[in-house]
Amino acid sequence: MVSTSGIIALIIGAIVIAAIVIAAISISIIKKRARRNGHEAASENEPQPRESGGRSSEPEAEAGKPESSQSRLARLRSRLAGSGRFGRSLFMILSRDNLGEEDWEDVEDTLLMADVGADASEEIVDQLREDARIQGGKSPEQVRQMLKEKLLGAVDIDATRALAAESASFEKNGRPSVVIMVGVNGTGKTTTAGKLGRLLVADGKKVVMAAADTFRAAAADQLETWAKPVGIPVVRSDKDGADPASVAFDGVKQSMQQRADVLIVDTAGRLQNKQNLMDELGKIRRVIERTIPVDEVLLVLDATTGQNGMRQASVFAQAIGVTGVVLSKLDGSAKGGVVIAVQRKLGVPVKLVGLGEGPDDLAVFDPEGFVDGILAG
Ligand SMILES: Nc1nc2c(ncn2[C@@H]2O[C@H](COP(=O)(O)OP(=O)(O)OP(=O)(O)O)[C@@H](O)[C@H]2O)c(=O)[nH]1
Ligand SMILES: [Mg+2]
């Protein structure tokens, strides 16, 4: 016989055991939760994998490392969408049946509005009119192909587009290759100098920059912001308003000492009608050339300013000589035709295009890619 007190003792024992089991389970759940939360908190501070899978062997996955010239071309093509509007308008007009005088006027207006320039527009219209494929039953593909041929003919001038700096080598030449950036205020000289420095570093070049914009106190700091992440030294003056030619001269000395492959000289923006400022450019060039030749003078033109840029171009060419044009801000421009106009006016090729404000948004200009870009869509 089990006594009443025995039964009570059994019940109490069972309750105590159950309480201990429940407590143990709860503690284990709390511990697991704490571990999970801690892990999540830690992983928030870690860099997140990139959408593409984030393979760290990809060069662009490493912070601060510039993108190679190959991969950037394909990535930036879509940025020509604004300029592409004129390509698409031309395509629409030319696809009409039985083209008449009014249609040809529309073609010419479209070219003029895209800043192709009067002479080039007229020439392109004449060439299109003479093409037998333009009348009769034509397929959209034929129209696109014909337009591509004509635009390519207008864009692709017979001059070398390669930057001297691309093949520069201190070891081979015993001196750095010198690039000077020139242009009116705010066109994108410093930004382009920075992007170009990164591009050259990505291609394995040793680069030095000279901040020969001594006009604005912040100009040298701006250049350093671009240069630092890729380890490019910047030669600058301690005092504002210093002689830009002397900063350029120090740049030459430093780049020789450091056995750099390329020296990039950034200059202050200046209006082409200020004679003393244009003379200053000539002096910068002469001072450098007392020691080593200047291989490249890049005129940076803002693509959104269109025909205004044309007027600047020839004055700069006279003052310092221009070996190539950088068309900046082509990403925000609906006037891609300026490529055609500026090359005709100066007889020098567009060598680089700026397609955004990002550090790697600069590409070597490629006529075929450009024409494909403006005819896409
Ligand atoms: N969207 C776009 N913006 C650009 C591009 N290039 C430069 N910019 C912007 O244009 C502005 C002026 O650029 P800067 O490089 O300071 O121009 P700058 O010619 O050195 O100017 P100054 O030295 O004052 O004459 C900046 O806000 C740049 O981010 C480009 O290709 N696309
Ligand atoms: Mg500047």
- Query: Among Ile232, Phe249, Gln222, whose Cα lies farthest out toward the positive end of the dipole of region 212-258, if unit charges sit on the beta carbon of Lys, Arg (+1) and Asp, Glu (-1)?
  - Reply: Ile232
- Mean separation of Cα pairs under 8 Å and 6+ residues apart, divided by the residue count of region 290-376: what relative contact order is that in percent? 26
- Query: In region 214-259, what is the volume of the convex hull around the alpha carbon atoms, normalised per residue and reported in Å³?
  - Reply: 62
- Query: Given labels modelled 7 Å from the Cα in the Cβ direction, how far is it in nm from Asp119 to Arg286?
  - Reply: 3.1
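Listing Trp226, Trp104 from the residue with the fewest other Cβ atoms within 10 Å to the one with the most, what is the order? Display every interim value, and only then the final one.
Numbers: Trp226 22, Trp104 17.
If I rank by nearby Cβ atoms, fewest first, I get Trp104, Trp226.
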- Name the residues whose placed amide hydrogens come within less than 5 Å of the amide hydrogen of Val184, ignoring near sequence neighbours (fewer than 5 apart) on the same chain. Arg270
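Mind checking Rg over Rh on region 262-339, alpha carbons, Kirkwood formula for Rh?
Expressed as Rg/Rh, it is 1.00.
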- Message: Need one number: nm distance between label points at Asp279 and Ala162, each 7 Å from Cα along Cα→Cβ, rounded to one decimal.
- Response: 3.9
- Note on the structure: If unit charges are put on Cβ atoms (+1 for Lys and Arg, -1 for Asp and Glu) and the dipole of region 243-377 is taken about its Cα centre, the option from Leu375, Met278, Thr323 lying farthest towards the positive end turns out to be Met278
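No lab work stands behind these numbers, since they all come straight from the coordinates. No experiment lies behind these values; they were computed from the predicted model shown. Note that we place each Cβ from the backbone using ideal geometry, even for glycine, and neighbour counts take in every protein chain shown.
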